[in-house]
Amino acid sequence: MQKKNLTLILGGTGKTGRRIVERLEKRGIPVRIGSRSGQPPFDWDNPATWPPVLQDVETVYIAFYPDLAFPGAAATIETFVHTAVKSGVKRLVLLSGRGEEGALLGEKAVRNSGVEWTIVRASWFNQNFSEGFLLEPVMAGEVAFPGGQVAEPFIDVEDLADVAAAALAEDGHLGQVYEVTGPRLLTFAEAVQEIAKAAKREIRYVPISTEEYAKAMLEHGVPAEFANPLTELIATVLDGRNAHLSDGVKRALGREPRDFADFARDAAASAVWG
Ligand SMILES: NC(=O)c1ccc[n+]([C@@H]2O[C@H](COP(=O)([O-])OP(=O)(O)OC[C@H]3O[C@@H](n4cnc5c(N)ncnc54)[C@H](OP(=O)(O)O)[C@@H]3O)[C@@H](O)[C@H]2O)c1
């Protein structure tokens, strides 16, 4: 017999989703993973895959792919939200991005859904350096990136997952926008230094322009429809607008967020950087 009252974790094999799945399973909450490799498969680019994945689902974590600030993302999220509510979903938790104007439209679709909602609006993930697109440059010993000298309050995805899991599983987070950041502002140069120290490797940070970064991505075979909006997004969110701390982790969980140095120490101990 099929399980009822499932919690669907979109992006459930990704950086945030897989940690949320672990947390909900520990709480004994039945979970379904929503991704192209899930059963049944879920594909953002194919709305016909959505209704079967939404069957018996009451709660959904939405991590859009590739990025909810990309062109067309908000419209897709809005269509998904309508489909989900029609299918009987009663609670939505959206992963959003801090300082991203495009992301506000996706947030609006969730706020106007007519069902319970929580928004987790995140700063840059620490884990971009250990599990994401900055892992390869870290391993190569040179992070050439258009981060300039701007300071960013990097968030540990472990904290983000704690907040999202609480919002999915508990009633005390409804209607909240949790802007989640780490406890400290770091420049990209400082973040790379912390990693170099923890990993005991030589890693340089080389600030480059967004044009140079876009060109390098295209030369590496990244498709233009991905490289161009990504470069635009990076230029927007790293213009200094996000160079301040927020208290979302404390408000949601009643504790301080984890420091970048603790992330770097634990990631190094897990041998992710060799
Ligand atoms: N990185 C940051 O610093 C940052 C900061 C703030 C917000 N965000 C937001 O985080 C979100 C990404 O979350 P994440 O980092 O946890 O994910 P992620 O690690 O990038 O993993 C992507 C997930 O999406 C699935 N996926 C990929 N293509 C898909 C498709 N066409 N249809 C359905 N699922 C697909 C993947 O599984 P399959 O391959 O099996 O499909 C995987 O589970 C984005 O919306 C971004 O805006 C990121």
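The values are calculated or read from the model by the stated rules, or taken from the named source; none is laboratory data. This structure is a prediction, so every number in the text was calculated from the model and none was measured. Quick reminder, even Gly has a Cβ in these numbers, built from the backbone with ideal geometry, and neighbours come from all protein chains shown. For accessibility, only protein heavy atoms count, side chains too; no ligands or nucleic acids. Shrake-Rupley method; radii C 1.70, N 1.55, O 1.52, S 1.80 Å.
Going by the structure shown, is Val81 more than 22 Å from Thr231 (Cα to Cα), hydrophobic (A, V, I, L, M, F, W, C) and either surrounded by 20 or more Cβ atoms within 10 Å (Cβ to Cβ) or more than 10 Å from the ligand (Cβ to nearest atom) (or both)? Yes: the conditions hold for Val81. Here region 11-21 is the region considered, the condition is being in contact (Cβ under 8 Å) with a residue 24 or more places away in the chain and out of contact with any helix residue (DSSP H, G or I) (no Cβ under 7 Å at 6 or more places or on another chain), and the residue that is nearest to Glu58 (Cα to Cα) is Gly17.
For (1) of a type in the set (Ser, Thr, Tyr); (2) modelled with pLDDT of 95 or more; (3) in contact with a helix residue (DSSP H, G or I) (Cβ under 7 Å, 6 or more places away or on another chain); (4) over 28 Å from Tyr61 (Cα atoms), each residue gets a yes or a no:
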{"position": "Asp171", "(1), (2), (3), (4)": "no, yes, no, no"}
{"position": "Gly175", "(1), (2), (3), (4)": "no, yes, no, no"}
{"position": "Ile195", "(1), (2), (3), (4)": "no, yes, yes, yes"}
{"position": "Ala198", "(1), (2), (3), (4)": "no, yes, yes, yes"}
{"position": "Tyr205", "(1), (2), (3), (4)": "yes, yes, yes, yes"}
{"position": "Ala224", "(1), (2), (3), (4)": "no, no, yes, yes"}
{"position": "Ala227", "(1), (2), (3), (4)": "no, no, yes, no"}
{"position": "Leu233", "(1), (2), (3), (4)": "no, no, no, no"}
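Among the residues of region 21-60, the ones that are touching a strand residue (DSSP E or B) at 6+ places or on another chain (Cβ under 7 Å) and aromatic (Phe, Trp, Tyr) come to 1 in all. Restricting Val60, Val53, Val81 to residues that are aliphatic (A, V, I, L, M) and part of a strand (DSSP E or B) narrows the list to Val60.
Restricting the search to region 181-217, which residues are open to solvent by 80 Å² or more (accessible area, probe 1.4 Å) and over 20 Å from Glu152 (Cβ atoms)? If the condition is that a residue be open to solvent by 80 Å² or more (accessible area, probe 1.4 Å) and over 20 Å from Glu152 (Cβ atoms), then Lys200, Glu202, Glu211, Lys215 are the ones that fit. For the residues Val150, Val143, the requirement of being farther than 24 Å from Arg91 by Cβ and open to solvent by 10 Å² or more (accessible area, probe 1.4 Å) singles out Val150. In the set Arg36, Arg18, only one residue is surrounded by fewer than 19 Cβ atoms within 10 Å (Cβ to Cβ), of a type outside the set (Asp, Glu), within 25 Å of Trp124 (Cα to Cα) and near the ligand (Cβ under 6 Å from one of its atoms); that residue is Arg36. Restricting region 200-219 to residues that are under 22 Å from the mean Cα position of the chain (by Cα) and touching a residue at least 24 places away in the same chain (Cβ under 8 Å), the residue that is nearest to Phe129 (Cα to Cα) is Tyr213.
Between Val272, Val222, the distinction of being without any contact (Cβ under 8 Å) to a residue 24 or more places away in the chain and assigned to a loop (DSSP other than H, G, I, E, B) belongs to Val222 only.
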